[in-house]
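Some notes on the structure that comes next.
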Amino acid sequence: MSYNSFGRLFRFTTWGESHGPAIGCTLDGIPPRLSLDENDIQKYLNERKPGQSKYTTQRQEPDAVKILSGVFEGQTTGTPIQLMIENVDQRSKDYGDIAQAYRPGHADYTYNAKYGIRDYRGGGRSSARETASRVAAGAIARKILGDSITIKAGMVQMGHHTVDRDNLDWDETRNNPLFCPDPVAANTWAAELDKIRKAGSSIGAVIEVVADGVPAGWGAPVYGKLDADLASAMMSINAAKGVEIGVGMGAAALSGEENADQMRPSPDGPDGAPEFLSNNAGGILGGISTGQQIVARFSVKPTSSILTPRKSITEDGTATDVMTKGRHDPCVGIRAVPIAEAMMAIVLADHMMLHRAQCG
């Protein structure tokens, strides 16, 4: 099994490598008669694409998407949708020095251990370049979800620095190059990241993604939990090393009285719907949505491609030092924000369709 596909009813398969001619994805199970054109997808790809600020890789990719199938006269047909994004700014020569050496922190060794062959040009399939296909798929997932469900994400921690939650404004994430929902923190972090970038180093981050408008009842108990699928989706993002839902790891420090999300009758909601007095569960209980805001966070490690030489070995086991050249993000958390939104949309669209299939 190669596991290049994700989802059950909303299902997509990504293909392509960082320095190949193109990347893309094939989506199956998409409902017919959805209004869709390339502009619907392009606006999200424009948020993820590289080279938009000095804080991201300077690789210049327009990330222009082409719809090759599954759409006729501006509507989805219900048949597989094929999307393609051409690679136009590859610099494979930047990776010649590590053709026989493993970069510490990268998947070079593990890919070689699994397949006995690896594409060393930018990491090939393990490159974050693959995530452009996910963002494209996420744009179609948002079409399925409709306007009543909104999804927003932002970088809420960079290194040791965290946002001031009293300053949070999710609309602010599109007003600064760090996708940070705290405008004060964004200014401070930008100066810090500039120093890190000039030193040829990198730093990690935490991304938070929230979804509003998700009704109660999506998800399934035991093996089809909404939070389990969200955790899988976020952990599948390049460089992700930890995921939490709601208060997450912080629940271990709470008492039962503090952690339980108490309820009272809702004066404004539908009959029988509660008003929750807190949301420690992140909008999911027993694997099923509560109707509250869905909240997930994940950490991303510092970019492994840095200019400081690191100890490693070659493919034949010889000791060597590796310094990674090329164009890289000093903080991958920045461009992980639109990817997080896409993966949230994909999981929710899948569960929306699964819920309708079982419950009508």
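The values are calculated or read from the model by the stated rules, or taken from the named source; none is laboratory data. The shown structure was predicted, so the numbers you read here are calculated from the model rather than taken from an experiment. FYI the Cβ positions are ideal-geometry reconstructions off the backbone, even for glycines, and counts take in every protein chain you see. The protein model used for the area step is the full one, side chains on, heavy atoms only, and it has no ligands, DNA or RNA in it. Shrake-Rupley method; radii C 1.70, N 1.55, O 1.52, S 1.80 Å.
Details
- Members of region 264-296 that are within 28 Å of ASP350 (Cα to Cα) and of a type in the set (A, V, I, L, M): ALA273, ALA281, ILE284, LEU285, ILE288, ILE294, VAL295, ALA296
- Residue, farthest from ALA132 (Cα to Cα), within region 10-33, restricted to residues that are aliphatic (A, V, I, L, M) and buried (at least 18 other Cβ atoms within 10 Å of the Cβ): ILE30
- Residue that is nearest to ASN112 (Cα to Cα), among those in region 307-336 that are open to solvent by 50 Å² or more (accessible area, probe 1.4 Å) and among the acidic types (Asp, Glu): GLU315
- Within region 132-150, the set of residues being without any contact (Cβ under 8 Å) to a residue 40 or more places away in the chain and either open to solvent by less than 70 Å² (accessible area, probe 1.4 Å) or of a type in the set (A, V, I, L, M, F, W, C) (or both) comprises GLY146 only.
- Filtering region 207-226 to residues that are open to solvent by 10 Å² or more (accessible area, probe 1.4 Å), in a strand (DSSP E or B) and in contact with a helix residue (DSSP H, G or I) (Cβ under 7 Å, 6 or more places away or on another chain) leaves only GLY219.
- Selection status of ILE284, at pLDDT 90 or above and closer than 23 Å to VAL206 by Cα: yes
- Filter result (among the basic types (Lys, Arg) and open to solvent by less than 60 Å² (accessible area, probe 1.4 Å)) within region 250-306: ARG297
- The condition of being within 18 Å of the chain's Cα centre (by Cα), among the charged types (D, E, K, R) and surrounded by fewer than 18 Cβ atoms within 10 Å (Cβ to Cβ) holds for only one of ARG174, ARG129, ARG125, that being ARG174.
- Enumeration of residues in region 153-171 that are within 19 Å of the chain's Cα centre (by Cα) and not in a loop (DSSP other than H, G, I, E, B): ALA153, GLY154, MET155, VAL156, GLN157, MET158, TRP170, ASP171
- Any hit, region 224-246, residues being in contact with a Leu (Cβ under 9 Å, 6 or more places away or on another chain) and among the β-branched types (Val, Ile, Thr): yes
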